[in-house]
1. If Lys and Arg each add +1 and Asp and Glu each add -1, what is the summed charge of the other residues whose beta carbon sits under 10 Å from the beta carbon of Met338?
2. Multiply the residue gap between Arg363 and Tyr185 by 0.36 nm, knock off their C-alpha separation, and tell me the result in nm, one decimal place.
3. Using alpha-carbon pairs under 8 Å, 6+ residues apart, how would you state the relative contact order of the chain in percent?
4. What does a probe at Asp389 reach in the stretch 343-365, counting residues whose amide N is under 17 Å from the point 7 Å along Cα→Cβ?
5. Would you mind counting up the charge near Leu235? Only other residues with Cβ under 14 Å from its Cβ, with Lys and Arg at +1 and Asp and Glu at -1.
6. How long is the gain from Ala272 to Thr217 if the chain were fully straight, where each residue apart is worth 0.36 nm and the alpha carbon distance is subtracted?
7. So, R0 is 30 Å and r is the distance between the beta-carbons of Gln4 and Ser370; what FRET efficiency does that work out to, to 0.05?
8. Tell me whether the stretch 85-150 comes out rounded, prolate or oblate; compute the Cα gyration tensor, take square roots of the eigenvalues as a ≥ b ≥ c, and use a/c under 1.5 as the rounded threshold.
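Please treat every number below as a calculation from the coordinates, not as lab data. Since the structure is predicted, the reported quantities are computational estimates derived from the model, not experimental observations. Cβ atoms come from the backbone with ideal geometry, glycine included; neighbour counts cover every protein chain shown.
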Amino acid sequence: MIAQATVLDDLRAIVGDKHAYLPDDSPTFAVDGMNPKAIVEPRTYEEVGAVMRYASQAGLATIASGGRTKPDIGNLPARYDLALSLSRLDQIIEYEPADLTVTCQAGISVPELQRRLRVHGQKVPLDERPGKQPSAGGMLATNSNGPSRHAFGELRDFTIGMRVVTADGRTTRAGGKVVKNVAGYDLCKLYIGSLGTLAVIVEATFKVMPVARIERTLAFRLRTSGNACSLAADLLRRGLALSYLQLRGWNNGANDSWLLEIGLAGSEGPVARSENELAGMAADFKAEVADGDAPVNAGATDSGESKEARGLLCRFSVLPSRLSAFIGGLQALEPPDMVAEPATGVLRASWPNSAAALTLLERSREIAKSHSAACFVERCPPELKRRIDVFGDPPPAFELMRRVKQQFDPNGILSPGRFVGRL
């Protein structure tokens, strides 16, 4: 292995003295308690390519990062030598409002991107999170979005182009900058959610849409998750002007507190009609309008992140029609704090202070299997990660995934060990 001082000198020759440095015991770029040997902050795509060529030749395990809102997602890294920060790649490259597309660098924060687009009455359907500054590239790499996905689709649906840097430093494109541009397999869909194990995303092109003229947020308290899920299902059937649905449940001793948050967006007529229908439906489902500030979920935020870094946070995906029954199954365990999307069946369950994380995980996975649900551990203590695969059992196509990883990253330097089956 090359000496740390030599690595630092070589990196500084690429990006300048100020933008290659040692971690100095700072946890800023730590991943599951592991610190890199060096941190590098390139400014251009050419610099990213030069850094990756150097890392490939030197055999340096490299983990790319943006806003670092989910630094510990995925399995434990097999190795971690170099932190590649994309925070300086924070520009909008091309934006013509009439074309309904925007091309931006991966390091731009989502709030800043939305601020720039709102000047022209437009937005990208990336969910903003209060108090968080996720980068556009980070959201793509982790496939993170929120409760508006049922209205606007997944990230794969409105990401139409990317520029990436490969493990050996080549810059390549996928997709393009117009809506109809893909012939053959769309590599954008391969990179999204790959946790940076196949390439470093440095640029993305998104479809944009108009900002709604009117936006409303309503909240209803319900005594049971069954009533909440039934109300959500009825809302979806009626075709209201919904922008998002989110169900919160938290353990308050009786475990009977549920809050259904409803976002409405559109022009004045549809939003007013939707509000009137909601008022009429509330009584049928024994729902009470939540006055004042909604209580903060004790264990999970909108982004699904546990406040207790050493707690257990799982993300489940189940058929929306089975969500209520699945919630009931989880409540039979040590009752978790929950944030669910009734429209999509995505549920995040958090056990912030549990000392029996492994037992809870095993039992919750059994419950998930009985409901044909998928389970992914978004956060847990590193000592638990050493004993499990956060993705669960490898899928039937795992051998194909292994061969894809070998083709894209033959030296195994891009986030090694973090993906499915510790790829």
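1. +1
2. Gain in length upon complete extension: 60.3 nm.
3. It rounds to 16 percent for the chain.
4. 362, 365
5. Value of the local net charge: -2.
6. Difference between extended and current length: 18.6 nm.
7. Working from the Cβ atoms, E equals 0.05.
8. Oblate is the answer for the stretch 85-150, as a/c is 1.5 or above yet b/c matches or exceeds a/b.
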